[in-house]
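Presented below is the structure to which this report refers.
The values are calculated or read from the model by the stated rules, or taken from the named source; none is laboratory data. The model shown is predicted, which means the values in this text are computed figures rather than measured ones. Counting neighbours? That spans all protein chains shown, and the Cβs are built from the backbone with ideal geometry, glycine included. Each accessible area value is taken on the protein alone, full model and side chains, heavy atoms only, with ligands, DNA and RNA left out. Shrake-Rupley method; radii C 1.70, N 1.55, O 1.52, S 1.80 Å.
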Amino acid sequence: MAPRFSFLLILVAVALRAAAGVRLYGLLVNTSLTTVDTTSFEMDFISGGIAGQLPSPCVSDIDLKNNIFYTIMITNDTEYEVSLVGISLQDGATTATILLPFTAYAVDLCDVDQATGDVLVIGKETNTQHFETMYRVDPATSTVIKVAELDMEFATPCSALDTKNGVEVVVGIYNQSTITAGYSAKTGEELWRTTEGCVDTMVYNPVTGLIYGVAIGDYEFDLYSIDGSTGVTTFIGVVQPGAFTWMYFLSALDPQTNTLYCLMKQHPLYFDLVGISLADATVTSTTRACINTAREPPCPLTLDLMA
């Protein structure tokens with residue numbers, strides 16, 4: 001089965017805060033690396049592509065210390081092989097291609113442990129009876145170590161690693177109910193789970209030590225914070241009530257301005273890149289972005305910001 005979208009874009013924001021705005025890195029379906037400006041959505045290509053194709057939905061995260069963007073790709077479409085791929089944010093060169101024991105075209109998760117440079121990946125193993133499995137990958141040695149089996153499954157790619165407390169927080173389905181759960185990033189032990197305030201996007205803020213996310217409802221988009229150490233979820237506010245009709249399942253957080261960026265729709269023909277205050281959920285900026293994933297400029301499937 002081929003990916004649903006013919007032209008995909010993965011955006012990774014970096015702290016190049018020129019007057020024009022925050023600069024983003026983007027990876028197209030042909031895996032060419034490009035930059036994108038948050039205030040104009042203009043793109044500037046950096047390099048050519050790498051071998052592989054992007055599944056849908058896509059996941060990604062950044063190693064902030066080494067300036068490496070990680071994503072999970074299908075690197076052998078004939079054998080349906082899935083790999084963790086690292087790409088340099090400086091020159092677009094491939095830094096790692098590490099085979100994972102995951103089923104192609106399933107929902108996978110990918111979060112960088114900023115303390116060690118390891119990458120936590122969670123996905124559905126090939127030929128297995130249980131739901132999802134967590135692995136820790138060391139890109140420097142290409143070591144893939146099984147951490148734990150999780151008793152849930154994923155419908156959307158929603159996760160974040162609380163680096164301060166070493167807790168991987170995920171949203172999944174258990175007994176036909178949506179739950180949020182926290183797992184030890186080292187042992188995979190479940191530390192807590194809750195059904196309160198389950199969000200559809202999730203990103204960690206290293207300044208506040210909290211995770212932030214937006215829950216998508218019927219024409220209502222609620223902003224929450226999550227304490228990764230305890231699972232306590234706090235409602236912050238509704239994002240401009242009545243203004244938006246839909247949003248992509250993605251977000252990026254700028255800890256320097258306390259802003260969450262999301263792709264949201266208030267016009268029937270296109271999406272806007274919307275800046276949301278983490279303090280009270282007010283909209284701080286709106287930039288016309290894209291129509292869909294197939295028309296230029298294409299909409300991204302993930303957002304990540306390098307603070």
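General observations
- Of all residues in the stretch 44-55, those being over 20 Å from the mean Cα position of the chain (by Cα) and part of a strand (DSSP E or B) number 4.
- Test for residue 80: is it among the aromatic types (Phe, Trp, Tyr) and either touching a Leu at 6+ places or on another chain (Cβ under 9 Å) or open to solvent by less than 10 Å² (accessible area, probe 1.4 Å) (or both): no
- Which numbered condition residue 197 misses (of (1) open to solvent by 10 Å² or more (accessible area, probe 1.4 Å); (2) assigned to a strand (DSSP E or B); (3) among the small types (Gly, Ala, Ser)): (2)
- The residue that is surrounded by the most Cβ atoms within 10 Å (Cβ to Cβ), among those in the stretch 278-294 that are in contact (Cβ under 8 Å) with a residue 24 or more places away in the chain and among the polar types (S, T, N, Q), is 293.
- Selection within the stretch 182-194 - open to solvent by less than 10 Å² (accessible area, probe 1.4 Å) and either part of a strand (DSSP E or B) or among the hydroxyl-bearing types (Ser, Thr, Tyr) (or both): 182, 183
- Residue within the stretch 61-71 that is open to solvent by less than 50 Å² (accessible area, probe 1.4 Å), of a type in the set (S, T, N, Q) and in contact (Cβ under 8 Å) with a residue 24 or more places away in the chain present: yes
- Whether a residue is farther than 21 Å from residue 79 by Cβ, open to solvent by less than 60 Å² (accessible area, probe 1.4 Å), free of Cβ contacts under 8 Å to residues at least 40 places away in the same chain and of a type in the set (Val, Ile, Thr) was assessed, and residue 103 does not pass this test.
- Test: residue in the stretch 187-210 that is under 30 Å from residue 25 (Cβ atoms), within 16 Å of the chain's Cα centre (by Cα) and of a type in the set (S, T, N, Q): yes
- Unique residue being under 26 Å from residue 301 (Cα atoms) and at pLDDT 95 or above when the list is 222, 200, 218: 222
- Assessment of the stretch 46-60 against the conditions (among the hydrophobic types (A, V, I, L, M, F, W, C), open to solvent by less than 50 Å² (accessible area, probe 1.4 Å) and at pLDDT below 75) yields at least one matching residue.
- Residues being polar (S, T, N, Q) and either open to solvent by less than 60 Å² (accessible area, probe 1.4 Å) or in contact (Cβ under 8 Å) with a residue 60 or more places away in the chain (or both) - total across the stretch 165-181: 3
- Search result, residues across the stretch 117-164 that are assigned to a loop (DSSP other than H, G, I, E, B), at pLDDT 95 or above and open to solvent by less than 10 Å² (accessible area, probe 1.4 Å): none
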